[in-house]
Amino acid sequence: MATHPRKKRRSWGRRILLLVLLVLLAAGFFRWSNHSLQTEYFTFTSPRLPQGFDGCTIVELTDLHGAEFGEGNQTLIDAVQKLSPDYIFLTGDLLDRFRETPHSYAADLGAAMAGIAPTYFVTGNHEWALPDVPDLKDALEAAGVTVLDNRFVTLEREGDTMILAGIDDPNGYADQKTPEELADEVKAAAEDPFWILLAHRNDRFLRQYSLLGADLVIAGHGHGGMIRLPFTDGLISTDRTLFPSYTAGFYEENGSTLFASRGLGNSGPSFRLFNRPQIAVLTLEKG
């Protein structure tokens, strides 16, 4: 029996319409995966935490790579402000070498964050791939951000103290202070202190950072494994190796704990899938 030409045209028209709808849905999901902020909450519990820091909240922002969430990052700024954190930690790669992000981007964001809560910054590998890191650090300090370049500060809260240390990325100067030397300084400053280490690179936790004695290491760099699938710790590392670890959440090694944020941006041609840009909110709890 012959098929009527008009029915054929209708059938093809429906298929084309369905294809267009699927493409639009996929494009919308892809954009949502890469540009829609996700605030996630975590709790770090330790019996060593000084009582005065019980309930302290920290926002970690990392790996923006020059991303814009709203004009002038106002959507991101508003989201952090609503969280009313006690501290804000910026753990590197605010800038991106492929986009040649200007220092003013970091300074403007730093000023906004410092207006919300005390803000601390450590460099990532992309900062060191761009010229004049000392100028960037000066711009951030002028904006009210404390730059922890291989040094530490003492934080005070409700009558108690703890130490916050930060290290420059390994891409920094060849003769810079080593993480081990900084750890020795921390231990010399106080007897068995509770201390947090800010370090950009998640993938150095196992072989180096977990051995320094910090109670908690806070890092980025892994971008959550970029593509996240069920039962994986991310699919692709920033070095383009498969199935990396230490990419999101908590990990314990050698008596130390790592918290790794999935970060906010993408570098160069990379993208996120099932891995939305993350504002990480970390609450400290005395266990």
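The values are calculated or read from the model by the stated rules, or taken from the named source; none is laboratory data. All values derive from a computational prediction rather than experimental measurement. Cβ: placed from backbone, ideal geometry, glycine included. Neighbour counts: every protein chain shown. Heavy atoms of the whole protein, side chains included, go into the accessibility calculation; ligands, DNA and RNA do not. Shrake-Rupley method; radii C 1.70, N 1.55, O 1.52, S 1.80 Å.
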Using only Cα atoms, find the angle between the long axis of helix 103-114 and the longest principal axis of the chain, and express it within 0 to 90 degrees, rounded to the nearest 10.
70
In percent, how large is the relative contact order of the range 78-234, given Cα pairs closer than 8 Å and 6 or more residues apart?
20
Pair LEU273, TYR173: separation of 7 Å Cα→Cβ label points (nm)
4.3
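So, by mean Cβ neighbours within 10 angstrom, what's the order for 277-283, 167-173, 200-206, 68-74 with the highest one leading? The partial results should precede the final answer.
Details: 277-283: 21.4, 167-173: 19.6, 200-206: 23.1, 68-74: 14.1.
Descending mean neighbour count gives 200-206, 277-283, 167-173, 68-74.
When the accessible area of the chain is split by element with a 1.4 Å probe, what percent falls to carbon and sulfur? Before the final figure, lay out the partial values.
Details: 7470 of 13760 Å².
Using a 1.4 Å probe with all protein chains present, the chain comes out at 54 percent carbon and sulfur.
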Using Cα atoms only, what is the angle between the long axis of helix 5-35 and the major principal axis of the chain, expressed in degrees (0 to 90) to the nearest 10?
10
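Nearest-5 percent of antiparallel DSSP beta bridges in the chain?
Values: 17 of 48 bridges.
Given both bridge residues lie in the chain, the antiparallel proportion sits at roughly 35 percent.
Under a 1.4 Å probe, what is the accessible area of the chain per residue, stated in Å²? Working shown, then result.
Values: 13760 Å² over 287 residues.
With the other protein chains kept in place, the chain gives 48 Å² per residue.
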Quick check: the angle from helix 179-189's long axis to the longest principal axis of the chain, C-alpha only, nearest 10 degrees?
40
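Is the shape of the range 80-229 rounded, prolate or oblate, going by the alpha carbon gyration tensor and its root eigenvalues a ≥ b ≥ c, with a/c under 1.5 for rounded and a/b larger than b/c for prolate? List each step's numbers first, then the result.
Working: a/c = 1.44, a/b = 1.19, b/c = 1.21.
Rounded.
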According to a simple spin-label model (label point 7 Å from Cα along Cα-to-Cβ), what is the distance in nm between ASP138 and THR283?
4.3
